[in-house]
1. Suppose we filter segment 70-95 for residues that are among the polar types (S, T, N, Q) and either more than 16 Å from G35 (Cβ to Cβ) or open to solvent by 60 Å² or more (accessible area, probe 1.4 Å) (or both); how many remain?
2. Within segment 272-282, work out how many residues are away from the ligand (no atom under 16 Å from the Cβ) and outside any helix (DSSP H, G or I).
3. With the checklist (1) modelled with pLDDT under 60; (2) within 15 Å of the ligand (Cβ to nearest atom); (3) not hydrophobic (A, V, I, L, M, F, W, C) in hand, flag the one item P171 doesn't pass.
4. With the requirement that a residue be over 20 Å from A213 (Cα atoms) and free of Cβ contacts under 8 Å to residues at least 12 places away in the same chain, what does segment 60-77 give you?
5. Are any residues in segment 130-147 open to solvent by 10 Å² or more (accessible area, probe 1.4 Å) and more than 16 Å from L266 (Cα to Cα), and if so, which ones?
6. Tell me which residues, restricted to segment 41-62, are within 18 Å of K143 (Cα to Cα) and crowded, with 21+ Cβ neighbours inside 10 Å.
7. Could you list, in sequence order, all residues of segment 139-164 that are away from the ligand (no atom under 16 Å from the Cβ) and touching a strand residue (DSSP E or B) at 6+ places or on another chain (Cβ under 8 Å)?
8. Restricting to segment 110-125, give me the number of residues that are open to solvent by 10 Å² or more (accessible area, probe 1.4 Å), farther than 20 Å from R243 by Cα and in contact with a strand residue (DSSP E or B) (Cβ under 8 Å, 6 or more places away or on another chain).
Amino acid sequence: MIESREQFSRQILAFGAEGQAAIMNTKIGIVGLGGMGSCVVQMLSHLGIQEFMLLDDDRVEKSNLNRLVGATREDVINKTLKVEVAQRVIKSINPEAKITSLGNLRTAEAIEVLSTFPDVIFGCVDNDSARMILTDLAAAYKKTLVDCATEIDLKGDNGISFGGRVVVAQPGDFCLWCANQIDPQIANEELESEQEKSFRRHHGYGLGAEVVAPAVMSLNGVIAGLAVTEFIMLITGMRKPERMLTYKGTRGIVVATKDVKKPGCLVCDSLIGKGDKAGLKRYLRSNLPKDLPE
Ligand SMILES: [Zn+2]
């Protein structure tokens, strides 16, 4: 801490030495290291996080270079794993950081490590099945889940709309179901067809989406910035984190939700602290190819 005092001196002015120490003692899991996850990992590295668990099985493609923090042309040629790009970014800022990297979320190893290691999990995925799994896992093992999402809709009622949102799901307080941020039908369809789609999906997004959606880095930056700021509020206690912040890009505003936990929410009421009894093994992917095709 003493040797890092100068590196974080401007933050210590904001959070105090105790606040900075609390941040540095927080272990972080990041699920999804694409456009959003790469922004989050960069900000958390600068913030002083010392221990990371990174999870993504996707590799860098040329179409990622408009937004993947740290990725280069060489990474496209070498088909570098996105978690390796993230590791490089972390190490360039903080060479002493401890980093564990894993591939697919739906493996026993990933569930095991996520359920034990991190204090806070950042969900930076692009599909509802991963959000559903992370929601169950965070509740069952009492982790705070900070879930990030952006959307650019070209066919809205009033023309183009764009924005995003951050949900801070604290155990027993609020979750992605309470926030109406999971479509159960879509989530279950994604889970059912997982095996058939595994190879094809590898060439899209690592954690699941079939559709190639529009993506702009500045939007990821806005949402990542909101997410990391709410994380700072959570850890330093400067104020309570908001349960959900929605960036309405078309109007240029950020709105905090007034929603609270839904009465009778199965996750917030019944799943909290269930641990291994929560049955997360049902989400494991069978016949996952050991070495995904190039
Ligand atoms: Zn809930």
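1. Qualifying residue count, segment 70-95: 4.
2. Adding up the residues that qualify gives 1.
3. (1)
4. Of everything in segment 60-77, those that are over 20 Å from A213 (Cα atoms) and free of Cβ contacts under 8 Å to residues at least 12 places away in the same chain turn out to be T72, R73, E74, I77.
5. If the condition is that a residue be open to solvent by 10 Å² or more (accessible area, probe 1.4 Å) and more than 16 Å from L266 (Cα to Cα), then K143, T144 are the ones that fit.
6. Residues satisfying the conditions are L44, I49, F52, M53, L54, L55.
7. C148, A149, T150, E151, I152, D153, L154, I160, S161, F162, G163, G164
8. Of the residues in segment 110-125, 2 are open to solvent by 10 Å² or more (accessible area, probe 1.4 Å), farther than 20 Å from R243 by Cα and in contact with a strand residue (DSSP E or B) (Cβ under 8 Å, 6 or more places away or on another chain).
The values are calculated or read from the model by the stated rules, or taken from the named source; none is laboratory data. Keep in mind it's a predicted model, so treat the numbers as computed, not measured. Don't worry about glycine lacking a Cβ; one is built from the backbone with ideal geometry, like all the others, and counts go over all protein chains shown. Areas reflect the complete protein model, heavy atoms only, side chains present, ligands, DNA and RNA absent. Shrake-Rupley method; radii C 1.70, N 1.55, O 1.52, S 1.80 Å.
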